[in-house]
Amino acid sequence: MTDRGLQQHSGAEAVMHGSADKRANEEAARVRRRYRSEARFKAYGIAAIVVAISMLILLVGSIISTGWSAFYQYEIALDVTFEGSEIDANNPRTANYNGFIKSALRSQFPDVSGRKEKRKLYGLVSNGADLQAMQVVVDEPVKIGKTVRIWVLASDDIDSLLKGYIDRDLPEEDRRVKDTELEWIDQLKSDGRIRWSMNTVFWKSGDSREPELAGFWGAIVGSFFTLLVTLALSFPVGVLAAIYLEEFAPKNRWTDFVEVNINNLAAVPSIVFGLLGLAVFLNFFGLPRSAPLVGGIVLSLMTLPTIIIASRAALKAVPPSIREAALGVGASKHQVVTHHVLPLAMPGILTGTIIGMAQALGETAPLLMIGMVAFIVNVPGGITDPSTVMPVQIYLWADSPERAFVARTSAGIMALLGFLVLMNALAVILRKRFERRW
Amino acid sequence: MADGERFNMEAAEAKVLVRDVNVFYGEKQALFDIDLDIGRNQVTSLIGPSGCGKSTFLRCMNRMNDVIDGCRVEGSIKVDGDEVLDAGIDPVQLRRRVGMVFQKPNPFPKSIYDNVAYGPRIHGLVSSQDDLDELVQTSLERAALWEEVKDRLHQPGTGLSGGQQQRLCIARAVAVRPDVILMDEPCSALDPIATARVEELIEELKKAYSIVIVTHSMQQAARVSQRTAFFHLGVLVEVGVTEQIFTAPRDERTQGYITGRFG
Amino acid sequence: MQIWALILILICLAAYGHVIGRRRAISFAAAKPALLHSLPFYHGAYLALWVVIPSLLAIALWLVAQGPIIESLIISGLNTDTQALSADRLSLVLNDIVNVASGDIPSREPTPEIAAAAQKFSELKKLSNLGMVVISLGLGIACLWWAKGKISAEFRARNQVERIFTIIMILASTIAILTTIGIVLSLLFEAWRFFLRIPLDDFLFGLQWSPQTAIRADQVGASGSFGAIPIFAGTLLITVIAMCVAVPLGLMSAIYMSEYASNRLRGVIKPLLEILAGVPTVVYGFFAALTVAPFFRGMGETVGLDVSSESALAAGVVMGIMIIPFVSSLSDDVMNAVPQTLRDGSFALGATKSETIRQVVLPAALPGVVGAVLLAVSRAIGETMIVVMAAGLAANLTANPFEAVTTVTVQIVTLLVGDQEFDSSKTLAAFALGLVLFFITLSLNVFALRIVRKYREKYD
């Protein structure tokens, strides 16, 4: 093979000269094939991204479509007679309001008879209707002895029916709401005794066995206390550890070991931290179960690696020239750090901390281990009160059999995602506004 | 400088014809109205101070600037009469004809054999394993590397010394049977002995290929090239027979550069 | 809340110490501030630290010690009959005493003995609290007085303060290590107690897992229904399904983003994918149980397949979706670390982009990608909420993705959630599973991080 021969037989040259011999055709076909495979490969990439993002859309879409209906509730108007003889004006809370509600229902539908039918009738309104009635009297004692029209919550089945989740055309035995109940509801509707209103219970109260009375506020407060403990522990410890490792620690095997340790701790499954909390904090130290205190401690151990890693990165980004300048005018190493390096690194550290807190807010598994799954009705008042947190509340509701809890669960998820979006937005703003590029 | 002085080659000898090439990086213009002919089976060296645009010019000839965002090339570059800058030209096929060797040796993280066989395989240049073996061997021989690596063809190419790696890259470029080989400071990362080997190799290769070499070293340009082009601030200042450029430059900027007053 | 008041008082005392430390320092150098070795601020800080640190340590020690001490005092005051009770029963009695003392309703009407003990308990508690206040405040004041005496113009207050801070920082940085030690010790200890009852090889190689029956069997002598093989197999099955989803999608997304997408497109897609990583796992669990599992079930019905409503497939697919951003961002980093010169070398030979990626970039990035996938595997193995909500409880030994399987994390949760006696075999089994989980994920992580680090060093 001579050099010139090589070049004359070169396929590309032949193509460029437009010669139509067999070899050139093969060459052209091959190039087309290569470009087709190129296009295919690129399409796989686009497809992967489209699939991933459409999963995100599907996820959010399915949550919103099942959850939005939990933000409103149907109410039924009842003409309740507050018998003066049965209410102690000095202590109105002791009266039998359930009886008033029942008699109001009976007078609304006088032809209902039989124990079974009556129980069904009472089931139209929520179990919490008596509390609503009591509140009316407590607020305005003048109403004692009068008949007042009040709006009480519909029970969860009736609420689902009115929201259209129960199909009226199903045969009666397959339907949770029976024909008689449908008749009552239709009559109430034509009397203008049914309306919907914003679901304030959801934002005001704690958990309940009755879906229409179950609120998310207890979980929000529980999450708040838990995160408070987490922040109070993990932020100072994390920042101090990061400063030591980045600015002061000698480079030796011990600090290498600490570093490897932190990196590995960041990847330990969260449930293992729960086991640690159960064995050490609950059983060994005897701290209270289900309390934000223990939850916060466990989550702070989990968040610590995130904060340390982010803080070290922020400290590392401060250029050495600033340290040298401060050392040059006679500042001690500690003064250099507290006066110069730390303030400059603070935005980065705070961003990392917020991201760590957002992770902690969404964490569920370790809290299950330390008893934060208990059914807790009261809104917690401090870090040692039994409480639950948002993700655990979601888990609990998701496990409940009642149909109406599905919407509650989705609504809770929306609230949780809302908080997460807020925290991440804060982190982004902080980064955009204060982070410097050197 | 008059046009006639630039195209002081007989047309039959010119392998690449460059006319009115302007290159922009976004708003900034990097090359101004370059006209240059590259001779067949000759070594043409491009010299000039850092940032004068010689590497940019080199990368225009096989459209490697396509990879860079915001880079725009205007004008005409013809290789054997075919327009390179034409939008319809397939850069993939063009680069088969116009090969390139880079500043830092960049062997793929594969075996020596696979490094050389990579190009022929993707272009489908050979139909049988025996042909491929033969092509790898001739390419390595042509790059003066065969004797050193023939017993360890299946060891990683990254395990070779710097000079050997660069010769491997040359073998890799030769294996797709290009017409033109572009070399972007091929010896700047090498020691003097390895540099001497590569220079000898260039001397050999010019029998079969047209070579364009960007170099920082004027001695190297003087040693290996027949023609030399001097670039300054994006302008092609002077081009001519190497001997003339180094002994009797016409432009005072050239004079200043080769006598070491700047650059 | 007494303790908070105490801490508040201590803080005030520290502030007072700071003020007098400064004053004293200034008085030493009224004429020339330059005479002082350290700024007055440091003298103040020195005093404040001497107030806070010893007294806080005293409080912490007191809080840890008072519970057991009071308990043993109460027990020694009880009847000998009661003292002879088993540890479990005794702790119930103690619980009653504490409840009576705090005014809560005990489980039954208090006997005179318990009532008396409760009385004693409240007295001791009061005494202890008083003691804590006196000791900590006294210690604070004593230290303040002592440290004040050390202040002089030559006193190196700054160095002292800085030394204290260095020690605090070192302590902070060892917390990570203490956490690891805490995890290892607590898991090892509880798992060891488990293996005293159930032989290790029964656990590791047994094919039958039914912890419920074991509790009944416990009374007649526990025997091998703690075989964890079905659990390990279930975990493996779900992990494999998750990886089948996450690796191709994540890797292809990373390739597109790092090699094809323009900077603007990248700036849009990357945060969107990261949202997937930021969604809490409990949300994925709900999504899997509510949307994905019924979908697969319906699909199965239309093609005549029997798909369980808690199929491994649904849990695995959703877990895979969760892991996509994890794989993609790690592989993206890894591919960006591949030097541009390699790509240039390939382009210069006339390779197309996909040829360059497949034959040059990916092989070069392979170790890093493998590391990323291993990290993702460890993530999938340790993931809890998705499987708790969407996978089953029954420990089936099967490789059929349409059936329900259970995983290590699901079992840990179901064994520990709810009221259990802490040292039943069932509870301890959770720790044994936790130990296995910890060591598997730890070794995967160490291995993967080492690969990734080696890879980074190669191209740095």
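Within straight cross-link reach of residue A:178, meaning Cα distance under 12 Å, which aspartates and glutamates are found once same-chain residues fewer than 8 apart are removed? Of all the aspartates and glutamates, those that pass the test against residue A:178 - Cα under 12 Å, at least 8 places apart if same chain - are A:117, A:157, A:167, A:169.
The order of A:394, A:87, A:429, going from fewest to most other C-beta atoms within 10 Å of their C-beta, is A:429, A:87, A:394. Residues whose amide H comes within less than 5 Å of that of residue B:30, counting only those at least five positions distant or on another chain, are B:23, B:24, B:25 (H built at 1.01 Å from N in the peptide plane). A simple count of charges around residue C:263, restricted to other residues whose Cβ falls under 14 Å of its Cβ and scoring Lys, Arg +1 and Asp, Glu -1, yields 0.
If you take every residue apart from residue A:145 with its C-beta less than 15 Å away from the C-beta of residue A:145, what net charge results, scoring Lys and Arg +1 and Asp and Glu -1? Computed value for this residue: -3.
When the alpha-carbon atoms of the protein assembly as shown are used, the pair Rg, Dmax equals 39.3, 126 angstrom. Charge tally for residue C:16 (other residues, Cβ to Cβ under 13 Å; Lys, Arg +1; Asp, Glu -1): +4. If you filter region B:101-161 for trypsin sites (Lys or Arg not before Pro), then keep DSSP loop positions with at most 14 other Cβ within 10 Å, what is left? Passing both the DSSP loop test and the Cβ count: B:150, B:152.
Mean separation of Cα pairs under 8 Å and 6 or more residues apart, divided by the residue count, gives chain C a relative contact order of 16 percent. Using 0.36 nm per residue and subtracting the Cα-Cα separation, the extra length available between residue A:147 and residue A:421 on full extension is 93.9 nm. Contact order, relative form, for region A:217-434: 31 percent (alpha carbon pairs under 8 Å, 6 or more residues apart, mean separation divided by residue count).
Length available on full extension from residue A:98 to residue A:117: 0.36 nm per residue minus the Cα-Cα distance, which gives 5.1 nm.
Rounded, prolate or oblate: which one fits region A:70-201, using the alpha carbon gyration tensor with axes a ≥ b ≥ c (rounded when a/c is under 1.5, else prolate when a/b beats b/c, else oblate)? Prolate.
Relative contact order of region A:70-201: 42 percent, from C-alpha pairs under 8 Å at least 6 residues apart in sequence. Backbone geometry of region A:174-184 corresponds, through the Karplus equation with coefficients 6.51, -1.76 and 1.60 at θ = phi - 60°, to 3J(HN,Hα) couplings of 8, 10, 6, 9, 7, 4, 4, 5, 4, 4, 4 Hz, x marking Gly and Pro. Cβ crowding within 10 Å ranks C:302, C:409 as C:302, C:409, fewest other Cβ atoms first.
For chain C, the membrane-span-like helices by this rule, meaning whole DSSP H stretches whose C-alpha atoms cover at least 24 Å of axis and whose Kyte-Doolittle mean is 1.0 or above, are C:2-28, C:40-77, C:157-197, C:229-255, C:312-336, C:362-382; this says nothing about an actual membrane.
The trypsin sites (Lys or Arg not before Pro) of region B:158-263 that meet both conditions, a loop assignment by DSSP and at most 16 other Cβ atoms within 10 Å of the site Cβ, are B:207, B:250, B:261. From least to most packed, judged by other beta carbons within 10 angstrom and beginning with the fewest, B:230, A:257 follow the order A:257, B:230. What are the aspartates and glutamates whose alpha-carbon lies under 17 Å from the alpha-carbon of residue B:207, with same-chain residues fewer than 8 places away excluded? Cross-link targets: A:3, B:13, B:141, B:179, B:199. Of all beta bridges that DSSP places with both ends in the protein assembly as shown, some 70 percent have antiparallel geometry. The alpha carbon gyration tensor of chain C gives principal lengths a ≥ b ≥ c with a/c of 1.5 or higher and a/b no greater than b/c, which makes the shape oblate. Under a 5 Å amide H cut-off, with hydrogens placed 1.01 Å from N, residue B:232 pairs with B:237 among residues at least 5 apart or on other chains. Each residue of region A:231-237 was assigned a 3J(HN,Hα) from its phi angle through the Karplus expression (A = 6.51, B = -1.76, C = 1.60, θ = phi - 60°), giving 5, 4, 8, 7, 5, x, 5 Hz with x at Gly and Pro.
If you run the Gaussian network model on chain B, springs between alpha carbon atoms under 10 Å, then out of B:220, B:103, B:155 the most flexible one is B:155.
With both labels modelled 7 Å from their Cα along Cα-to-Cβ, the residue C:16 to residue C:181 distance reads 3.8 nm. Taken one residue at a time, the phi angles of region A:326-331 give Karplus couplings (6.51, -1.76, 1.60, θ = phi - 60°) of 5, 4, x, 8, x, 6 Hz. Gly and Pro are set to x.
Placing pseudo-labels 7 Å out from each Cα toward the beta carbon at residue A:174 and residue A:72 gives an inter-label distance of 2.9 nm.
Helix A:292-317 and the long axis of chain A differ in direction by around 30°, with both axes built from C-alpha atoms.
Assign one of three labels to chain A, namely rounded, prolate or oblate, based on the Cα gyration tensor with a ≥ b ≥ c the square roots of its eigenvalues; rounded applies when a/c is under 1.5, prolate when it is not and a/b is larger than b/c, and oblate otherwise. Verdict is oblate for chain A. For residue A:146, the lysines whose Cα falls under 26 Å of its own Cα, not counting residues fewer than eight places away in the same chain, are A:102, A:118, A:189.
The stretch between residue A:46 and residue A:378, if pulled fully straight at 0.36 nm per residue, gains 114.5 nm over its current Cα-Cα span. Assuming R0 = 60 Å, what is the FRET efficiency of residue A:21 and residue C:164, from their Cβ-Cβ distance, to the nearest 0.05? In this case the efficiency is close to 0.10.
No value in this document is a laboratory result; all are computed from the given coordinates. Fair warning: this is a prediction, and the values are worked out from it, not measured in the lab. Cβ coordinates were reconstructed from backbone atoms using ideal geometry, including for glycine residues, and neighbour counts include every protein chain displayed.
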